[in-house]
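Report on the following structure.
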Amino acid sequence: MEKFTVLEGVAAPMKLVNVDTDMIIPKQYLKTIQRTGLGKGLFSEMRYNEDGSENLDFVLNQPAYRNAKVLVAGDNFGCGSSREHAPWALLDFGIRCVISTGFADIFYNNCFKNGILPIVVSPEELEKLFEDAERGANATLTVDLGAQEIRGPDGGAISFEIDPFRKRCLMEGLDDIGLTLEKETSITGFEAGMKTDRPWL
């Protein structure tokens with residue numbers, strides 16, 4: 001998993017509330033277990049017209065936000081089914097951080113497991129971030145995980161809380177497999193002992 005330390009980039013504003021995982025990545029994209037290639041399906045029912053052409057009114061199709069790294073979203077983002085494809089699609093598109101006033105629990109947990117930082121802010125802070133994001137490519141946000149700060153284009157800063165263990169995992173690029181491999185020496189030693197003590201196993 002790619003490490004997350006400091007992220008600087010354009011933030012796309014998405015003021016919709018209750019964006020569920022089916023809106024993030026519709027069911028027809030769930031046939032794969034590959035984590036790559038899903039970016040094209042991200043928000044596809046809103047991004048594309050029925051003939052397959054781009055809906056130019058959708059935020060991620062607008063020139064300023066095509067390379068957005070941060071998504072500033074309405075409340076209760078990621079509700080609905082537990083599909084892990086939702087953070088996979090966001091990550092494949094290039095989104096490494098989602099900021100909202102609230103997330104569905106399963107989506108929130110899945111973000112951390114896949115290298116995306118979900119940040120919870122107050123409604124007042126979210127409004128300020130929407131204002132910054134609506135300035136497009138002329139304004140970038142800096143998300144500093146070490147300092148636990150979001151810095152705006154005008155120099156203002158918003159502090160955020162994060163569980164220390166999850167913070168360490170993101171900063172060191174540790175997913176569940178990486179955490180297990182940290183114990184590789186102990187696991188190997190245990191397995192060797194089992195062969196000696198219980199050769200019938």
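The values are calculated or read from the model by the stated rules, or taken from the named source; none is laboratory data. No experiment lies behind these values; they were computed from the predicted model shown. FYI the Cβ positions are ideal-geometry reconstructions off the backbone, even for glycines, and counts take in every protein chain you see. With ligands, DNA and RNA removed, areas are computed over all heavy atoms of the protein, side chains included. Shrake-Rupley method; radii C 1.70, N 1.55, O 1.52, S 1.80 Å.
Return the residues of the range 151-193 that are in a helix (DSSP H, G or I) and either in contact with a His (Cβ under 8 Å, 6 or more places away or on another chain) or modelled with pLDDT of 95 or more (or both); say none if nothing qualifies.
164, 165, 166, 167, 168, 169, 170, 171, 172
Determine the pairs where a residue that is open to solvent by 40 Å² or more (accessible area, probe 1.4 Å), located within the range 162-182, has a partner that is at pLDDT 95 or above and part of a helix (DSSP H, G or I) with Cβ atoms under 6 Å apart, the partner being 6 or more residues away or on another chain.
166/112
Results for (1) closer than 19 Å to residue 162 by Cβ; (2) under 15 Å from the mean Cα position of the chain (by Cα), shown as yes or no for each residue.
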{"site": "44", "(1), (2)": "no, no"}
{"site": "76", "(1), (2)": "no, yes"}
{"site": "86", "(1), (2)": "no, yes"}
{"site": "98", "(1), (2)": "yes, yes"}
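For the range 37-86, what are the residues that are open to solvent by 40 Å² or more (accessible area, probe 1.4 Å), part of a loop (DSSP other than H, G, I, E, B), within 27 Å of residue 151 (Cα to Cα) and not charged (D, E, K, R)?
62, 67, 76
Taking the residues in the range 115-140 that are within 15 Å of residue 98 (Cβ to Cβ) and touching a helix residue (DSSP H, G or I) at 6+ places or on another chain (Cβ under 9 Å) as candidates, determine which candidate is surrounded by the most Cβ atoms within 10 Å (Cβ to Cβ).
Out of the qualifying residues, it is 133.
Looking only at the range 95-113, how many residues end up being open to solvent by less than 20 Å² (accessible area, probe 1.4 Å) and closer than 15 Å to residue 69 by Cα?
Matching residues across the range 95-113 total 6.
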